[in-house]
Each structure stands twice: as C-alpha cells, then as structure tokens.
1. Of the residues 67, 85, 55, 33, only one is modelled with pLDDT of 70 or more and either touching a strand residue (DSSP E or B) at 6+ places or on another chain (Cβ under 6 Å) or exposed (fewer than 10 other Cβ atoms within 10 Å of the Cβ) (or both); which?
2. Within the bounds of the range 23-42, is there any residue that is part of a helix (DSSP H, G or I), in contact (Cβ under 8 Å) with a residue 40 or more places away in the chain and within 19 Å of residue 61 (Cα to Cα)?
3. Tell me, yes or no, whether the range 4-13 has at least one residue that is crowded, with 17+ Cβ neighbours inside 10 Å and within 21 Å of residue 63 (Cβ to Cβ).
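The values are calculated or read from the model by the stated rules, or taken from the named source; none is laboratory data. Keep in mind it's a predicted model, so treat the numbers as computed, not measured. All Cβ positions, glycine included, derive from the backbone under ideal geometry; neighbour counts span all protein chains shown.
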C-alpha cells in the first residue's frame, strides 16, 4: 500500500472520529463521508478509513481523558457470598 493510500485511510478514520465527537457534543448528524479525492483509489481508501472505527474506538475517542466509570466497590448483593456458619 502506498503512503498516500495510507494517508487517505487515516484521514477518513480521523474525520469519522471527529464527526462522532461533534455528534456527541452538539447532536449534529454524523452523515456520510464526503468527497476526499477525484481519484477512485484514494476515495475508496478514505471511505474504508471512514468505516473502520468500531463502536469501542468511537467510545474511547469520545471519552478519552475521563475517569473510568466502572464501580470497584462491593459486589452486587446478588453476587455477595453469604457468611457460612463456623463448624
């Protein structure tokens, strides 16, 4: 793969993540990838990059730098062990 092809792929991915971040903050629709190049191969690589982020990638991009939201305290009551009587 040529360096320009990789650049087009990376640009498509970055544009998609930026669009998802704008959508998260403003509600603006993500839409479809725009025209990146009149060269068919470069446009195809851009669109491939646009389609490449997974939901996990998007979530991590939106929430980067935020503290984790999982709870590390006591287990849920249904999972807590009951104290067994001493023998």
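1. After applying the criteria, what remains is 55.
2. Checking the range 23-42: not a single residue is part of a helix (DSSP H, G or I), in contact (Cβ under 8 Å) with a residue 40 or more places away in the chain and within 19 Å of residue 61 (Cα to Cα).
3. yes
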